[in-house]
Structures are given as C-alpha cells and as structure tokens.
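Comments concern the structure below.
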Amino acid sequence: MGYEIQMFFSSILAWRFSFDILHPWLGQYFENARLETTLVHARILLDFFEHPANQRTKDDILAEDLDFPAKPVDGSGELRKKINKRLAHLTYARAKFLDHPLEKEWSSDVFDPLLERCKEFLAAPGPKAFIEHNADDIARTLWDDLTTHFVAE
C-alpha cells in the first residue's frame, strides 16, 4: 500500500509540471503516462479504502485489515466511472474523447478527496503499527518518508 500511495502522490505532484517543452509527441506521451499512472493508482486506492473486509475478493489487502475503517471517498463513484470509461475500456464514448482533446482533460482537483483519505491513513495509528511490526527496513523507510512529506502538507 505504501508504494501505491507514493506513486499516487508523485503522479499528482507531476501535474504541476508541463511537458510542453518536449517534442509534441513525446510531450503527449508523458502527459498520458502521468494521467494513466494517476488513474491506475487512484483505482487501487479506492478499492483499498472503500471495500470492507467482509467483501474481500481473493487475497486483497484492505484498509480495514490495518484497523483503518472502510468508508466511501467523496466523489469516488464518478471517478470510478471516468476511470472505467476513459482508461480501462475501449468504448464509443472514449473514442469521442479522443476526437475532442478538451473533453478528455483532467483536473488534479478531482483527486483531492482521495489525497485527503491517504493522508488520514498515513497519520492513523493502525497502519503505523502494522508497518512497524510487519514491514522490512525498506518499507519502513518508505513509510516514514511518506508520512514526513505528505501528512503535514
């Protein structure tokens, strides 16, 4: 979960930078990579935070496993729908977005509620105790870096 949070935070931070100085095709490639990274990790984290342990599928790790309550993230229904339609499935609606670049633009604001939920999780005692008792030194260092850099923001 630390890796997913780190990648999600890093991809959101990358929204502050423009790739316009690159060759137009390379710039578009990096813009798409940034968006897709954000969406993939957002989707993983939504499942992690929202699904209760009694609705687990296979061997999923969920926030409730770390004594952090499952609850909906504000706006997650619409965000899931956008991720599904604009990233994970080739649809007629998606083809329309590809024809209209202005309609496929994303704002990092849509991820603010998920960012806040990640920060709450990083600051909570249950996840911290889990990391201290179960993680190796590398994972503990990653966790400490995440809490130091992102919880106070």
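Data overview
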quantity: Estimated inter-spin distance, ASP74 and GLU132, nm [label 7 Å along Cα→Cβ]; calculated: 3.1
quantity: Theoretical FRET efficiency, 1/(1+(r/R0)^6), r = Cβ-Cβ of THR91 and PHE30, R0 35 Å, to 0.05; calculated: 0.90
quantity: Helix-derived mean residue ellipticity, 222 nm - over the chain, DSSP H n ≥ 4, -39500 (n - 2.57), to 500; calculated: -18000 deg cm²/dmol
quantity: Whole-number percent relative contact order across the chain, with pairs defined as alpha carbons under 8 Å at least 6 apart; calculated: 23
quantity: Computed lengthening from ASP59 to ASP47, 0.36 nm per intervening residue step minus Cα-Cα distance; calculated: 3.0 nm
quantity: Unit charges on C-beta of K, R, D, E only; dipole of the chain, Debye; calculated: 660
quantity: Sparsely packed trypsin sites (Lys or Arg not before Pro) within region 1-83, loop by DSSP, other Cβ within 10 Å at most 14; calculated: ARG16, ARG56, LYS58
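Bear in mind these aren't lab numbers, they're just calculated from the coordinates by the rules spelled out. Keep in mind that this is a model prediction, so the values were computed, not measured. When we count neighbours, we look across all protein chains shown, and the Cβ atoms used for this are built from the backbone with ideal geometry, even at glycine.
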